[in-house]
1. Hey, any hits in segment B:57-77 for a residue that's of a type in the set (F, W, Y) and within 14 Å of chain A (Cβ to nearest Cβ)?
2. Given the residues B:E133, B:E176, which is the only one that is farther than 30 Å from B:Q94 by Cα and not aliphatic (A, V, I, L, M)?
3. Within segment A:113-144, track down each residue that is β-branched (V, I, T) and free of Cβ contacts under 8 Å to residues at least 40 places away in the same chain.
4. Step by step: first the residues of segment B:234-271, then only those that are loosely packed, with under 13 Cβ neighbours inside 10 Å and at pLDDT 85 or above, then the one that is nearest to B:I21 (Cα to Cα). Which residue is that?
5. Kindly evaluate B:A248 against the criterion of being part of a helix (DSSP H, G or I) and either among the basic types (K, R) or within 21 Å of B:A44 (Cβ to Cβ) (or both).
6. If I ask for residues that are in a loop (DSSP other than H, G, I, E, B) and among the aromatic types (F, W, Y), which ones from segment A:5-19 would you list?
7. Which one is nearest to A:T29 (Cα to Cα), of the residues in segment A:219-253 that are part of a helix (DSSP H, G or I), within 7 Å of another protein chain (Cβ to nearest Cβ) and not hydrophobic (A, V, I, L, M, F, W, C)?
8. Of the residues in segment B:30-56, how many are among the aliphatic types (A, V, I, L, M) and away from every other protein chain (no Cβ under 14 Å)?
Amino acid sequence: MSSCLQTLSDYGLRSIGYGERLLPKADITLCEQFVLIGSGMIWNIYFAILALLFGFFFATVLALGKNSKLSLLNAPCRAFIFIFRGSPLFIQFFFAYDLFVLLPRLGVDIDLGFLVVTVETRWLTKAWLGALIVLFLNTSAYAGEIFYGALRAVPSQDLESADAFGFTGIKKFRRIIWPTMLRLAWPSYTNEAIFMFHATTLVFFTGFPAWQQKGDAIYYASYFADKTFNPFVPYPIVGFYFILLTLIIIGLFGLINRQLNKHLPTNERKKLKINKYNLIR
Amino acid sequence: MFSYCVDPKTLEGLMWLSCYITTAKHMSFYYSFFVVMGLLSLAAPLAMAFGFAGATAARSSLKIVRAFGKGYLAMIRGIPDIVFFLFIPIALDQAFEYLRHKVLCSDVTEAVRQGNDFVVCAAAKLPLNTANEWVHDIYGFSLALLAFGFVFGAFAGNVLSGAMAAVPKAQIETGEAYGFSSSQIFRRILIPQMWIYALPGLSNLWMILIKATPLLFLLGIEDIVYWAKELGGIKTGVYEYPHPDWRAWYFGVLMIFYLSLTYLSQSVLDKLSTRLSKGQATMAGKAV
């Protein structure tokens, strides 16, 4: 037990560069596998949370753009959604990485007043930024399509009452359209969030290299499977972590769903139930 | 390929390009597109079979079969598919070799798992060390195919079980009133009526299957991703056709390939959906 605590302090933050430098090579224990794979989950959570957070807002913009009557707004949004939903994320990673590598190495100084930050294009070839951008664009496209569908399904009576009450422009959108759109889209969006977490496992298997063996959960799992030649331990551990994570997401999104449905009469409130036909992105 | 390609260093422009894109390696690249199509056409029916079995098991009256079926369908929602793609081929390979070892080399008493090694006797190796290279290729491809069938079977199982649940209860009750046995109801009422409910999910699944095919690369198969990386990398002067890093271009080609494939599929599926909706008592059916 105490040796497992030692392992935890050695490898608990290994995926972000703290603790023991060398990965375990021989006599790999179950504890080491659990700790190191768990440490890798930090990356999966980092990628998914940031991509979903930024993607949420961009997706709203895309949905509004796709719904717009102006072809100047409509066409680029449609094209964006089509390109990112129509091609495999796996290829998007490779394509983006190879594009980023071709970029000239530039550094731009950004003066924040109290501190000067040098933004380098080199960062784009690192997973923490490059892969995050790809994931962000990808989830924006999928969520944009979901929000667009929900936007089209907002009841016309709601809009008429908004007009009757004199709501216009931003206020009409923020108070009437947006909450209803979110409420309608929420079950599908929950599903998208779950699959975004799953998609983060692709990062270190595509162009983006794991620098100094700092990788995500599945990177370490495949490392262990290679070293021990026994896939029956590390992969179920990854599975365990992800099932746990999925349950947490469903719980959190269920709470938000309750908030979104709060104003409805009890018998009309919808429980967060993931549709079986369209459960996949 | 062409007669003027003997000395590529002297060529320029279009002549050079025409020789470049017809080298033997490029031919392997083009051939790998057929591997992808082959995988798609084999994985789709296999996944349907797995999915049908899973969905049927999840409705079984036997508790243990039902638990097994439900577990299979639920698992794919919690665990990323790539875990299965990495796990299933090695696990199956080891399972096959282990079984063959037990049967063919029963006289060997040493344990198969020795520390970090997995040791089976030479006769139990799959494929045999003496086998041709194409046997190795076929074996690797089959393992990958089984992994695809398993993962997409679970997805399809979810869609089919949802569709089975969506068939109106009254239809089933009518069958019971006419004295149909439960297997007759299943075959004559449930199955024929579920397809229209399953179609949206299955079309979605087909698109996902298309987008999952580059994962073949992870399974060590020389697919389009492998060749794009191989051909696109920097080629120095020692090569016949030197060029800088062209990987972005090659992956751009793959993007276009997949975009056209999904676009084409979408338009076919939309047509199919309209046709199948004809005469159905649904909103889409009334609209036609």
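The values are calculated or read from the model by the stated rules, or taken from the named source; none is laboratory data. These figures come from a predicted structure and were not determined experimentally. Ideal geometry is used to build each Cβ from the backbone, glycine not excepted, and the neighbour counts take in all protein chains shown.
1. Yes - at least one qualifying residue is present in segment B:57-77.
2. B:E176
3. Passing the criteria: A:V116, A:V117, A:T118, A:V119, A:T121, A:I133.
4. Out of the qualifying residues, it is B:I256.
5. Answer is no for this residue.
6. Filtering segment A:5-19 for residues in a loop (DSSP other than H, G, I, E, B) gives A:12-13, A:17-19.
Once the filter is applied, which keeps residues that are in a loop (DSSP other than H, G, I, E, B) and among the aromatic types (F, W, Y), segment A:5-19 yields only A:Y18.
7. In the first step, residues of segment A:219-253 are kept if they are part of a helix (DSSP H, G or I); the result is A:219-228, A:234-253.
Filter once more, so that each one left must be within 7 Å of another protein chain (Cβ to nearest Cβ): A:222, A:225, A:227-228, A:235, A:238-239, A:242-243, A:246.
Okay, now just the ones that are also not hydrophobic (A, V, I, L, M, F, W, C), so A:222, A:227-228, A:235, A:239, A:246.
On the way: A:S222: 15, A:K227: 12, A:T228: 10, A:Y235: 15, A:G239: 18, A:T246: 26 Å.
In this case the residue turns out to be A:T228.
8. At the first step, the residues of segment B:30-56 found to be among the aliphatic types (A, V, I, L, M) are B:35-37, B:39-40, B:42-44, B:46-49, B:53, B:55.
Of the ones still in play, those that are also away from every other protein chain (no Cβ under 14 Å) are B:35, B:37, B:42-44, B:46, B:48-49, B:53.
Residues that pass the stated criteria total 9.
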